[in-house]
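In what follows, a structure is listed as structure tokens, so that the remarks can point back to it.
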Amino acid sequence: MKVIVIIPTYNEAKNIGRMLDILVKEEIPQVKKHNVEVLVVDSHSPDGTAEIVREKMKKYRAVHILETDKGGLGADYAKGMKYAIKEMKADAVIEFDADFQHDPKDIKRLIAGMDETGAGQVIGSRYVAGGGVPKAWGWNRKAMSFFGGLFARVVLLINVHDLTSGFKLTKTSFLERVDLDNLLSKSYAYKLHITHDIAKMGAKIVEVPIIFYERKEGVSKISRKDLVDSLMVVAKLRLRGSKRFIKFGIVGFVGYTINALGLRFFAQSSLTSYLAGTFAYLDNYPGLGIVAESSAWAGAFGAELAIVSNFLFNNFWTFAAKKITNPIQFVIKFLQFNLSSIAAVIVQFIVIGTSVKLFGDTEKVRQFALVAAIIFIIVPLNYTIYNVFIWKTWKLPILGRLSLRRPSASGTK
Ligand code: GDD
Ligand code: MN
């Protein structure tokens with residue numbers, strides 16, 4: 001695994017040199033199983049932070065720098081993450097502070113946590129047994145940090161004790177599916193957005209206790225505005241989540257209705273009786289007889305209609321922000337969507353065909369068979385297929401990407 005430690009810096013001249021020495025000379029060599037490198041994302045610090053980093057880069061091959069305009073912690077992290085994924089081919093990235101509030105010694109513990117559990121994200125957590133915050137923090141800062149995190153946890157329904165920790169190790173197979181260009185916060189609250197999205201993808205998230213130390217040199221850049229910002233991000237994530245959920249529900253309902261009407265229509269159409277007639281000679285072969293049932297064909301056609309409807313709705317509505325308009329891409333995406341939904345066509349063909357054979361070819365039997373097929377087979381199957389394929393491929397409409405490339409065997413809950 002290639003692990004990139006991303007260190008955002010703004011005026012950390014007093015810390016960054018010593019930090020890089022410790023990382024390269026003491027800590028990285030202790031991680032035997034993986035290739036660990038460092039990416040400093042400096043936002044043109046006026047105190048000369050970048051010059052110090054470039055000096056170190058002459059000595060250390062593992063140190064890299066990305067210089068950016070100051071866009072806020074979240075915006076700068078997003079740039080760093082994209083750079084680590086695209087240019088440095090990272091398999092995982094670590095979010096890490098330059099100011100020694102995070103102990104460099106904990107880096108190897110987070111990596112070991114990922115090795116042992118196969119988690120998609122490992123959080124350096126202040127609020128699990130063994131973790132802690134600076135003793136010197138006043139009660140109000142302590143309370144705000146703790147209850148802020150608890151609030152986010154309860155509202156977003158994410159089982160993590162320290163959502164706002166700035167020390168996290170994340171697999172890029174998950175991170176690259178987060179919309180880093182449109183994070184809901186350009187500042188500190190970006191981390192809520194990322195962990196939220198990763199959790200909702202079904203990534204396994206584990207927490208490793210860390211002590212968060214006092215800053216010794218320089219000053220914190222967090223401000224009161226960031227508290228409000230964090231609350232806003234939590235609210236937006238919540239709303240967005242339920243909106244998408246409701247949209248999914250409506251798309252599913254419309255899809256079902258179209259499916260049921262299609263089944264009804266095609267069961268009485270001459271097209272399906274013609275098809276059934278063509279295969280009538282197979283009627284006496286055990287197991288093959290359903291191809292001679294016009295209702296089986298009607299089930300398959302109904303499923304296809306629902307697939308077309310779901311595709312159009314999802315493209316232009318549920319995922320309107322990412323909708324595909326280029327005609328060639330559209331066709332490819334549509335074929336790809338069909339391929340991943342082909343199971344529904346086959347399942348309906350078999351289940352409805354078998355049901356009418358067993359219980360008689362009536363509208364009631366057909367519609368019951370449809371509902372049973374959807375609830376017991378198609379929904380569970382689609383859920384699995386979506387998780388494995390679609391969420392990985394929605395962004396890149398290339399048929400070739402339709403490969404079984406799971407984050408890790410145990411990477412999902
Ligand atoms: N490039 C860049 N741009 N770096 C920044 C910026 C920015 O706009 N703002 C801060 N940084 C860098 C700092 O130089 C430091 O290396 C790191 O990000 C953390 O910034 P601090 O200003 O020290 O943050 P903090 O100590 O108040 O907050 C820490 O703890 C919080 C939880 O209590 C961070 O780890 C937060 O992410 C975390 O939520
Ligand atoms: Mn700090």
- What figure in square angstrom, to the nearest 10, would you give for the accessible area of E293 with a 1.4 Å probe? 30 Å²
- Note on the structure: So the FRET efficiency between K236 and E176, C-beta based with R0 = 22 Å and rounded to 0.05, is 0.50
- Query: From the Cα gyration tensor of segment 20-100, with a ≥ b ≥ c the square roots of its eigenvalues, which class applies: rounded if a/c is under 1.5, or else prolate if a/b is larger than b/c, or else oblate?
  - Reply: oblate
- Under 5 Å between amide H atoms, partner at least 5 residues away or on a different chain: which partners does S43 have, H built in plane at 1.01 Å? T9, T68
- Roughly how much of W317 is accessible, in Å² to the nearest 10, using a 1.4 Å probe? 90 Å²
- Hey, any idea what the orientation-averaged projected area of the convex hull of segment 2-240's Cα atoms comes to, in nm²? 11.9 nm²
- Message: With unit charges on the beta carbons (Lys and Arg positive, Asp and Glu negative) and the dipole taken about the Cα centre of segment 240-388, which residue among V345, T278, Y256 sits farthest to the positive side?
- Response: Y256
- Query: To one decimal place, what Kirkwood hydrodynamic radius in Å is obtained for segment 243-403 from all pairs of distinct Cα atoms?
  - Reply: 16.5 Å
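How much mean residue ellipticity at 222 nm does the chain get from its helices, if each DSSP H run of length 4 or more adds -39500 (n - 2.57) and you divide by all residues, to the nearest 500 deg cm²/dmol?
That comes out to -16000 deg cm²/dmol.
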- Cα-centre dipole for the chain with unit charges at Cβ (Lys and Arg positive, Asp and Glu negative), debye to 20: 400 debye
- Dipole magnitude of segment 2-240 about its Cα centre, charges +1 at Lys/Arg Cβ and -1 at Asp/Glu Cβ only, in debye to the nearest 20? 360 debye
- Query: So, with +1 on the Cβ of K and R and -1 on the Cβ of D and E, and no other charges, what is the size of the charge dipole of segment 243-403 about its Cα centre, to the nearest 20 debye?
  - Reply: 940 debye
- Task: Would you rank R215, R109 by solvent-accessible area, highest first, keeping every protein chain in place and using a 1.4 Å probe?
- Result: R109, R215
- Determine the equivalent ellipsoid of segment 40-178 by diagonalising the alpha-carbon gyration tensor, then write out the semi-axes as square roots of 5 times the eigenvalues, largest first, rounded to whole Å. 27, 20, 16
- Query: Taking Rh as the Kirkwood radius computed over C-alpha pairs, what is the Stokes-Einstein D of segment 242-299 at 25 °C in a medium of viscosity 0.890 mPa s, expressed in µm² per second?
  - Reply: 190 µm²/s
- Residue order for T117, T362, T172 - accessible surface, 1.4 angstrom probe, largest first: T362, T117, T172
- Task: Filter the cross-link list K25/K89; K82/K108; K33/K221 down to pairs whose alpha-carbon distance in this structure exceeds 25 Å.
- Result: K33/K221
- Message: Over segment 243-403, how many pairs of lysines fall under 27 Å by alpha carbon, counting only those 8 or more apart in sequence or from different chains?
- Response: 18
- Accessible area of M57 in the full protein assembly, 1.4 Å probe (Å², nearest 10): 70 Å²
- Positive-end extreme of charge dipole, the chain - chosen from Q101, I246, F376 (charges on Cβ): Q101
- What span do the alpha-carbon atoms of the chain cover on each of the three principal axes, reported in whole Å from largest to smallest? 84, 44, 39
- Take the Cβ-Cβ distance between Q268 and E26 as r, set R0 to 60 Å, and report the resulting FRET efficiency rounded to the nearest 0.05. 0.20
- Task: Just need log10 I(q)/I(0) for segment 138-271 at q = 0.09, 0.15, 0.16, 0.21 Å⁻¹, Debye formula, equal scatterers on the alpha-carbon atoms, no solvent, rounded to two decimals.
- Result: -0.40, -0.82, -0.91, -1.37
- Query: What's the FRET efficiency of F330 with L227 using the Cβ-Cβ distance as r and R₀ = 41 Å, to the nearest 0.05?
  - Reply: 0.40
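The values are calculated or read from the model by the stated rules, or taken from the named source; none is laboratory data. A quick note: this is a predicted structure, and the numbers were derived from the prediction, not measured. As a convention, Cβ positions derive from the backbone with ideal geometry for all residues, glycine included, and neighbour counts pool all protein chains shown. The area values use the complete protein model at the heavy-atom level, side chains included, leaving out ligands, DNA and RNA. Shrake-Rupley method; radii C 1.70, N 1.55, O 1.52, S 1.80 Å.
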